[in-house]
1. Could you work out the helix-only [θ] at 222 nm for the chain, with each DSSP H run of four or more residues adding -39,500 (n - 2.57) and the total divided by the number of residues, to the nearest 500 deg cm²/dmol?
2. What ³J(HN,Hα) values, in whole Hz, does the Karplus curve 6.51 cos²θ - 1.76 cosθ + 1.60 give for the stretch 233-244 when θ = phi - 60°, with x put for Gly and Pro?
3. Defining a contact as two alpha carbons under 8 Å apart and six or more residues distant in sequence, what relative contact order in percent does the chain show?
4. Counting only C-alpha contacts under 8 Å and six or more residues apart, can you give the relative contact order of the stretch 32-118 as a whole percent?
5. Expressed in nm to one decimal, what extension gain is obtained for the pair R208 and Q43 from 0.36 nm per residue of sequence separation less their Cα-Cα distance?
6. Give a quick list of GluC sites (Glu not before Pro) in the stretch 91-149 that DSSP marks as loop, anything other than H, G, I, E or B, with at most 13 other Cβ atoms within 10 Å.
7. Give a residue-ordered list of calculated ³J(HN,Hα) values for the stretch 77-93 (Karplus: 6.51 cos²θ - 1.76 cosθ + 1.60, θ = phi - 60°; whole Hz; x for Gly, Pro).
8. In a shell of Cβ-Cβ distance under 10 Å around L89, excluding L89 itself, what net charge do Lys and Arg (+1) and Asp and Glu (-1) give?
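Read the figures in this text as sums done on the coordinates, not as results from a lab. As the structure is a computational prediction, the values presented were derived from the model and not from experiment. Heads up, the Cβs are rebuilt from the backbone with ideal geometry, glycines too, and the neighbour counts pull from every protein chain shown.
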Amino acid sequence: MGKGGRSVKRCLKSDPEPLCLATYRNAWPQGTWNEFRDTQCYQTVRSTSRTDQGGLCAYCERLLPENDRQIAHFHPKSDTNGSVNWALLWPNLWFACCGGDQATMVHPDSYLPPTVENRSCDVAKEDNVVDGHVFSPAELPAFPRLFRYEQRTDCMDIAPDDVNCAAAGVAVNLAESTVTTFNLNCRRLSEARMRVHKAIESQIKRLRENSPQAATHYQTLVQRHLSKGVDGNWKPFFTMIRWRFGTTAEAYLQSINYQG
């Protein structure tokens, strides 16, 4: 696995890249994304990216169903001014959601009107060049966690963790710009995070009320929420879960040599 990261949660990308992608790019160095999507290799890129990222969107950390996923380009694939073909560059390709832009979706995590206000992730970024203005999917450290969360009525918002940003030598305004650019605090995502948060709080409450070995079982709960499932997926909103479990989460992630 190679270096990597992402807007909120660090992740890794396979290294080397899928062989079929390198082969295609060498054969058609000026190939377009639309042309590439008609190849079997496109499916390989999708599946490899999904596996690398544990099933989560590279920006909002939602666990993505089959009908709400795409390959997003951090640097616009439309940029053809230089020698780099951004459309086919492996470090530029990220497994991501469809950004709340599909009115046919029935689950509120995927779509919530008004559409414009609830667009997020790659859809909110649009075709803008944001390199250097936000965290790219290759810049976050595994430690420390750079974001914290703030609870509002029925919403859980994401915000920079000023202390941890300072410890990591990261500019807080870069973290703030990341949240704003990808619209990570749109109501659709904030409500989705709150639903996950409430479910975790209910589990913790039941544990404290009913378990004579609450401390031991709490550790087990942390491990369950911060480990990949048998399907290879992380839990949705991994960074919020990590924040909620605090020092216990950090100790566990250190113990498993968490890298993303």
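1. -12000 deg cm²/dmol
2. Listing the rounded values in order: 9, 6, 6, x, 6, 3, 5, 5, 4, 4, 4, 4 Hz.
3. Relative contact order of the chain: 22 percent.
4. 25
5. So the extension gain works out to 54.9 nm.
6. Working: sites: E117, E126, E139; in loops: E126, E139.
Those satisfying the criteria are E126.
7. Once θ is set to phi - 60°, the couplings for the stretch 77-93 become 5, 6, 6, 10, 7, x, 8, 8, 8, 4, 5, 10, 7, 3, x, 9, 9 Hz.
8. Here the count lands on +1.
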